[in-house]
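Q: Here's a structure for you.
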Amino acid sequence: MYFRDIECGTIDFRLLSLLLSSSPELDFSLGVGKDMNATTDMTAGIVSRLSFDRTVPRGLVHRQAVSEVFLTDVIAIGENRFAVAAQLPRGHALYSDRLDDHYDPMILLEAVRQAGIFISHEYYGVPQQGWAFIFRKAAVSVSNLLAMKVGDTPGRLVMRVYFERRFHSEEMLTGAVVRSDLSLDDMPVGEIRGSFSFLPRPMYEAMRSAGRAAKALPDMPYVPTARPLSPERVARVDSRNVVVAQATTDDSTAVYEVIVNNDHPSLSDHKLDHISGMLITEAFRQAAVCALLEVGELPDNVVAAPRAFDVVFTDFAEHELPLYCRMVDTQPEQVGSRVVVSLELVQGDTVIASARVGVGE
């Protein structure tokens with residue numbers, strides 16, 4: 001999120017925002033990040049030390065429901081480097097709601113999100129209570145679709161997590177840029193890069209109060225009345241997982257209203273003072289699929305969930321205002337075997353987040 005011009009304590013939020021915005025973007029033509037020398041191999045010895053027997057405490061990954069915890073073990077394997085284990089369920093109300101028999105890349109992102117939070121608490125000493133976590137950006141790419149196929153047993157995800165850049169204030173970790181190389185059931189599957197911030201709750205609340213005051217928000221939360229799209233138009237099966245609706249527009253630009261369901265068990269696992277980053281990410285993915293269908297870039301019979309997406313958050317999405325997702329370029333880009341569309345999320349005149357989403361094999 002964008003840190004407004006508020007200085008609390010010794011943390012310069014403007015400098016922190018600038019530094020954290022510099023993490024690498026994805027190369028959609030290759031399906032992996034720009035660091036092509038990064039390896040996803042890990043020695044058998046390290047993998048054998050990881051346990052998949054039980055999940056970590058839910059509080060250490062900021063989940064309320066135990067069923068939403070996927071991490072099972074973390075081992076330090078070097079300076080700022082960690083091996084992380086997660087078990088992926090074969091059936092899940094959101095992540096298994098797909099048109100094919102492959103794992104949803106969103107569950108990989110959630111696993112990496114949990115890994116970053118757990119490591120920050122357990123290895124870098126970020127307090128579990130009284131500090132706020134801010135999801136800033138994420139770049140997700142699946143490079144091996146075969147490895148994503150759901151098998152006869154729950155998936156064994158191994159993440160090699162590297163805290164590439166770390167930011168501190170008074171020796172406390174306040175942010176990081178993280179790269180994660182992933183393997184699933186012993187096969188390399190892809191890469192996720194991202195950045196996040198931590199800050200004390202009083203500083204977070206001061207930042208949020210100033211930001212909300214500048215927006216002149218209504219007194220009551222906004223309640224969407226638009227009808228969600230049919231699930232097959234957004235690569236889903238269950239209508240309860242659809243988070244976008246068609247919005248009217250005066251031009252040819254594809255615009256979708258984001259349907260915010262604060263009771264969704266996965267996308268809204270716990271209450272926040274803003275719309276969750278995972279819900280926004282899912283809205284980008286669904287809008288991308290539907291937009292590409294509408295402009296004729298994807299035949300109906302090849303609709304598939306996005307396998308690469310790059311999301312950058314620049315502000316908080318508020319509950320009191322309608323939220324819209326729109327295409328930035330009316331002509332999507334053909335990159336290799338994927339069609340890439342650029343979108344942005346807006347509330348009024350404020351851009352909340354931007355994304356590039358790649359759809360196709």
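Rule-based calculations on the coordinates, nothing more; no lab input. Keep in mind that this is a model prediction, so the values were computed, not measured. Here Cβ is always computed from backbone atoms with ideal geometry, including for glycine, and neighbour counts include all displayed protein chains.
Q: Assuming 0.36 nm per residue, please report the length gained on full extension of the stretch Val295 to Arg240 beyond their Cα-Cα distance.
A: Details: separation 55, 0.36 × 55 = 19.80 nm, distance 2.54 nm.
That works out to 17.3 nm of additional length.
Q: Right, here's the next one. Just need the relative contact order of the stretch 62-210 here, percent rounded to a whole number, with Cα pairs under 8 Å and 6+ apart. Write out the running numbers ahead of the final one.
A: Working: 257 pairs, mean separation 38.0, N = 149.
Relative contact order for the stretch 62-210 comes out at 26 percent.
Q: Now for a separate question. Taking R0 as 35 Å, what's the FRET efficiency between Arg81 and Asp152 from their Cβ-Cβ distance, rounded to 0.05?
A: Numbers: r = 32 Å, r/R0 = 0.91.
According to the calculation, E is roughly 0.65.
Q: Something else now. Check Gly175: other-chain or 5+ apart residues with amide H under 5 Å from its amide H, H built from backbone geometry?
A: Phe167, Phe198
Q: Amide H of Val126: which non-local residues (sequence gap of 5 or more, or other chain) have their own amide H closer than 5 Å, using H built in the peptide plane?
A: Placed amide hydrogens put His121 under 5 Å from Val126.
Q: Given the Cα-Cα distance of Ala213 and Gln331 and 0.36 nm per residue of separation, how much length would full extension add, in nm? Walk me through the numbers before you get to the answer.
A: Working: separation 118, 0.36 × 118 = 42.48 nm, distance 3.72 nm.
Gain on stretching Ala213 to Gln331: 38.8 nm.
Q: Kindly write out, for the stretch 215-226 in residue order, the coupling ³J(HN,Hα) from the Karplus curve 6.51 cos²θ - 1.76 cosθ + 1.60 (θ = phi - 60°), rounded to whole Hz, with x marking Gly and Pro.
A: Result, ordered by residue: 9, 6, 6, x, 6, 10, x, 6, 10, x, 10, 5 Hz.
Q: Next up: Report the relative contact order of the stretch 216-359, percent, no decimals, based on alpha-carbon pairs under 8 angstrom and at least 6 residues apart.
A: Details: 267 pairs, mean separation 34.8, N = 144.
So the answer I get is 24 percent.
Q: For Val56, list long-range residues whose amide hydrogen, built 1.01 Å from N in the peptide plane, is under 5 Å from its own amide hydrogen.
A: Leu71, Thr72
Q: So which trypsin sites (Lys or Arg not before Pro) in the stretch 262-361 end up in coil per DSSP with only 16 or fewer other C-beta atoms within 10 Å? Working shown, then result.
A: On the way: sites: Lys271, Arg285, Arg307, Arg326, Arg338, Arg356; in loops: Lys271, Arg307.
Passing sites in the stretch 262-361 are Lys271.
Q: I've got another one for you. Give me the distance in nm between label points sitting 7 Å out from Cα along the Cα-to-Cβ direction at Asp263 and Val66, one decimal.
A: In this crude spin-label approximation the distance works out to 2.5 nm.
Q: Within 10 Å of each candidate Cβ there may be at most 13 other Cβ atoms; applying that plus a DSSP loop requirement, which GluC sites (Glu not before Pro) in the stretch 62-122 survive? Display every interim value, and only then the final one.
A: Values: sites: Glu68, Glu79, Glu110, Glu122; in loops: Glu79.
Of the GluC sites (Glu not before Pro), the ones in loops of the stretch 62-122 whose Cβ has at most 13 other Cβ atoms within 10 Å are Glu79.
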